[in-house]
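I have placed the structure first, in the form of C-alpha cells, so that the comments after it can refer back to it.
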Amino acid sequence: MATNVDTYQPITLPLDAVKPTTQASPPPPTTSPLSSNSTTVTINPSIKAPFNAIRSLFDHLYTNPDTAKELNATYPRRGILKTAATHNTTSDQKFTIDISGPRCALMPEAIRIALAPHGLPEVLEFFNTVSTTYIPPVLSHLNSLSGLDLHSVHRDYNVNLRLADYNPLTASPDSLNGCGAHTDYGTFTIIFQDGTPGLELEEISPCGKKTWAPVPGDATVILTGWCAVILSGGRIKAARHRVRRMPGVRRLSAILFLAPDLDVPLAPLEGVEPVRAFSELVMEGEMKVGEFKEVMGKRWRYREGNEEMEGGRGQFDQDAEIERLIYA
Ligand SMILES: [Fe+2]
C-alpha cells in the first residue's frame, strides 16, 4: 500500500478526555483486497480494538440507566447510547454508542470520571490512535488508486466513532437483521470486529448478479462510501454492506467513519473527469458535505430505529435514493 505518512501532518483529534499513551506510532498497515471492488480491503492494524473495554462500557450503561441518561443529556439532539432496538422489532437489531470529538468535548468531567472504570478511557485512546495513525495512509492509498488529492478536503478530521453491540437482547432476538444493506455516506470506514462473523459485502458479478459475501469475523475492514464516489468522479466504487446476526450470539464492533470537511462542495475534485454522468446538483457543487449528511442521516436513523420518516416509510432504499440524487 502506498503511504506518505512522513509528509503528512497529523491533526490531533479533540478527544481530550484521554491523551494517547502510545509512545511510538505503529507502522502503517498493509492492505489486501477483500472483494472484486478494489477499494474494499482488509488491513492488518498493529493495534487491536479494546473489546473488553467496549463490552464493559455497554454493560455498565445498560445496568445504570441514570448514567446512560446523563451521558445522552450531553448530546440531547440525538443522544450517544442508542437503544431503539429494545422496542423496535423492524429496525436494525443492535445498540450503538456514537462519539466524536465535539461530543466528547461536551461530556462533563463527572461523566468521564463515572465511566473511567468501565472502559471509556481505553475506547477514547483507541479511537485517537486509530484516527491519527490510519487516516493519513488510507487517504494516501485511495489517492494512489484514483489519482486524487483527498488530503486537501479532509483537513478538519470530520470523524465519527461508533461502537456497535449486536446483542441478543433486542426486541426481536431471532431476527437476522443486525444492520440493513447500505453504503456509508462518507469517504471511508474502518471496521474492527471482535472475531464474530456477520459483516457481509455485496458482490456484483460481471453479468450483474448480486450476492452477499461474508467477511471473516476477525478481519479489520476498510469500506468506501458515497463521498469517495462523488469526489473521485466514480473512480472509487462504494462498498455496499450489511450485518447479519446469529441468534443468541453477541457481536461487538468498533467503527471509525471519515468524511470530507463539512463545508466542502460535494463534486468531483478539480481536474477529475467523471467516469459516469453525475447530476447537475453534484457537477455544479451545489450541495455541501454537511447538507448531504443531513439527507442521508434521515435515512440511516430511520433504518436504525432512531427517527421516524416524514410521510412514512414509502419506497425505502437508502442507496437508491442517493443514486437518484447524485447521478444524472
Ligand atoms: Fe455501514
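The values are calculated or read from the model by the stated rules, or taken from the named source; none is laboratory data. Computed from a predicted model, the values in this text were never measured in an experiment. Every residue, glycine as well, gets a Cβ built from its backbone with ideal geometry; the counts of neighbours run over all protein chains shown.
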When L150 is run through (1) within 15 Å of the ligand (Cβ to nearest atom); (2) surrounded by 18 or more Cβ atoms within 10 Å (Cβ to Cβ), the failure sits at (1)
Residues in the stretch 179-199 that are among the charged types (D, E, K, R) and either within 11 Å of the ligand (Cβ to nearest atom) or surrounded by fewer than 17 Cβ atoms within 10 Å (Cβ to Cβ) (or both) total 1
What pairs come out if I take residues in the stretch 210-233 that are without any contact (Cβ under 8 Å) to a residue 12 or more places away in the chain and within 30 Å of M283 (Cα to Cα) and pair them with residues that are within 13 Å of the ligand (Cβ to nearest atom) and assigned to a strand (DSSP E or B) whose C-beta lies under 9 Å away, six or more apart or interchain? K210/E202
Collect the residues in the stretch 158-178 that are part of a loop (DSSP other than H, G, I, E, B) and either surrounded by fewer than 19 Cβ atoms within 10 Å (Cβ to Cβ) or modelled with pLDDT of 90 or more (or both), keeping them in residue-number order. N167, P168, L169, A171, S172, P173, D174, S175, L176
Look through the stretch 125-155, keep the residues that are among the charged types (D, E, K, R) and in a loop (DSSP other than H, G, I, E, B), and return whichever of them is nearest to I54 (Cα to Cα). R155
Kindly indicate whether S152 is closer than 30 Å to G285 by Cβ and more than 15 Å from the chain's Cα centre (by Cα). yes
Which of the residues that make up the stretch 207-233 are buried (at least 21 other Cβ atoms within 10 Å of the Cβ) and either of a type in the set (A, V, I, L, M) or over 18 Å from R162 (Cα atoms) (or both)? V215, V221, I222, L223, W226, C227, A228, V229, I230, L231, S232, G233
How about the stretch 248-282: which of its residues are over 24 Å from the mean Cα position of the chain (by Cα) and more than 18 Å from D149 (Cα to Cα)? G248, R276, A277, F278, S279, E280, L281
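Among the residues of the stretch 92-100, is there at least one that is assigned to a helix (DSSP H, G or I) and either crowded, with 22+ Cβ neighbours inside 10 Å or touching a Lys or Arg at 6+ places or on another chain (Cβ under 7 Å) (or both)?
No: zero hits.
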